[in-house]
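Following this message is one structure expressed as structure tokens.
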Amino acid sequence: MDIFEEVEPRKKRPVFLTVLGILTFVNSGYLLLGSLLSFMRGPLTNDEIENAVAQGMKSINQARTEGMNGFADTMEKMLNTIHFANDAHVVSTSIDTLVAILAIVGAIMMFRGQKLGFHLYIMGCLLRISSFYFYIPAAEVSGLMVGYFTFTSGLFIFMYSRNLKWLK
């Protein structure tokens with residue numbers, strides 16, 4: 001009776017997974033740091049909002065004078081979200097924090113070879129894509145913002161999925 005089983009040695013982590021993980025750590029770490037600092041700082045003051053809107057309106061007016069009305073409309077919609085996000089400061093900042101944590105924990109788990117990390121990462125991406133609808137009226141949500149986060153999330157989910165055979 002042989003008490004030793006032949007165990008196949010664990011293959012090394014794919015380089016592509018390592019690169020994706022580092023990109024996720026940098027991006028999500030930046031989001032986490034920003035959201036934690038935002039928690040500590042609190043919502044913007046009326047003066048800060050007015051300054052941000054004034055700066056944004058300069059760019060919007062310039063775009064309109066150059067005939068880029070569609071782009072200017074999109075920029076204006078994105079500028080309006082400052083008010084909604086500020087009014088729902090705790091909600092928007094909490095969602096950003098949760099998104100960052102899900103992405104970081106998911107990436108760490110994938111680094112360790114755990115498939116559950118992939119699913120956590122997907123949950124974070126879906127929350128990021130839909131997060132605006134929690135505190136911004138649907139008619140005011142910029143399709144460009146949703147499209148951007150959908151594209152980048154989908155791209156990273158696809159790239160991470162190329163490593164699923166290594167995950168257990």
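Every number in this text was worked out from the coordinates using simple rules, so none of it is lab data. Quick caveat, the model's predicted, so the values are computed rather than measured. Note: ideal-geometry Cβ built from the backbone for every residue, glycine included; neighbour counts use all protein chains shown.
Using a 10 Å Cβ count of at most 11 others and DSSP loop calls, identify the longest part of the chain lacking such GluC sites (Glu not before Pro).
Working: sites that count: Glu5, Glu6, Glu66.
The longest such stretch corresponds to 67-168.
While we're here: Got the relative contact order for the chain handy, in percent, Cα pairs under 8 Å and 6 or more residues apart? Walk me through the numbers before you get to the answer.
Working: 149 pairs, mean separation 48.1, N = 168.
That works out to 29 percent.
Taking the convex hull of the alpha carbon atoms in the chain, what volume per residue do you get, in Å³?
Details: hull volume 23.2 nm³, N = 168.
About 138 Å³ per residue, rounded to a whole number.
Further, regarding this structure: Quick one: among Phe156, Phe16, Phe25, which has the greatest mean-square fluctuation in a GNM of the chain with alpha-carbon springs under 10 angstrom?
Among Phe156, Phe16, Phe25, the largest GNM mean-square fluctuation belongs to Phe16.
Counting only the backbone N, which residues of the stretch 28-55 are under 13 Å from the spot 7 Å out from the Cα of Ile108 toward its beta-carbon?
What the label zone holds, given the 13 Å backbone N cut-off, is 29.
Rounding to the nearest 20 debye, state how big the charge dipole of the stretch 61-139 is about its Cα centre with +1 on each Lys and Arg Cβ and -1 on each Asp and Glu Cβ. Could the numbers behind the result be given before it?
Numbers: 5 positive and 5 negative charges, 85 e Å.
Its charge dipole is roughly 400 debye.
Cα-based Rg (one decimal) and Dmax (whole number) for the stretch 49-138, in Å?
So, for the stretch 49-138, Rg and Dmax equal 17.6, 53 Å respectively.
Continuing with this model, one more query. How would you order 112-119, 125-132 from highest to lowest mean count of nearby Cβ atoms within 10 Å? Spell out each step's value before the answer.
Details: 112-119: 15.6, 125-132: 19.2.
Descending packing order for the listed peptides: 125-132, 112-119.
Cα axis of helix 46-65 to longest principal axis of the chain: angle in degrees, 0 to 90, nearest 10?
80
Pull up the cross-link candidates among the lysines for Lys12, meaning alpha carbon to alpha carbon under 27 Å and not fewer than 8 places away within one chain.
Filter leaves Lys115, Lys165, Lys168.
For helix 15-41, what angle does its Cα long axis make with the longest principal axis of the chain, in degrees from 0 to 90 and rounded to 10?
Orientation of helix 15-41: about 40 degrees from the principal axis.
Also, quick follow-up: With the contact rule set at Cα under 8 Å and sequence spacing of 6 or more, what percent relative contact order holds for the stretch 36-97?
Values: 27 pairs, mean separation 28.9, N = 62.
Computed value for the stretch 36-97: 47 percent relative contact order.
Plugging the Kirkwood radius over Cα pairs into Stokes-Einstein for the stretch 1-100, at a temperature of 20 °C and a viscosity of 1.002 mPa s, what D comes out in µm²/s? Intermediate values should be presented prior to the final figure.
On the way: Rh = 17.6 Å.
The diffusion coefficient I find is 122 µm²/s.
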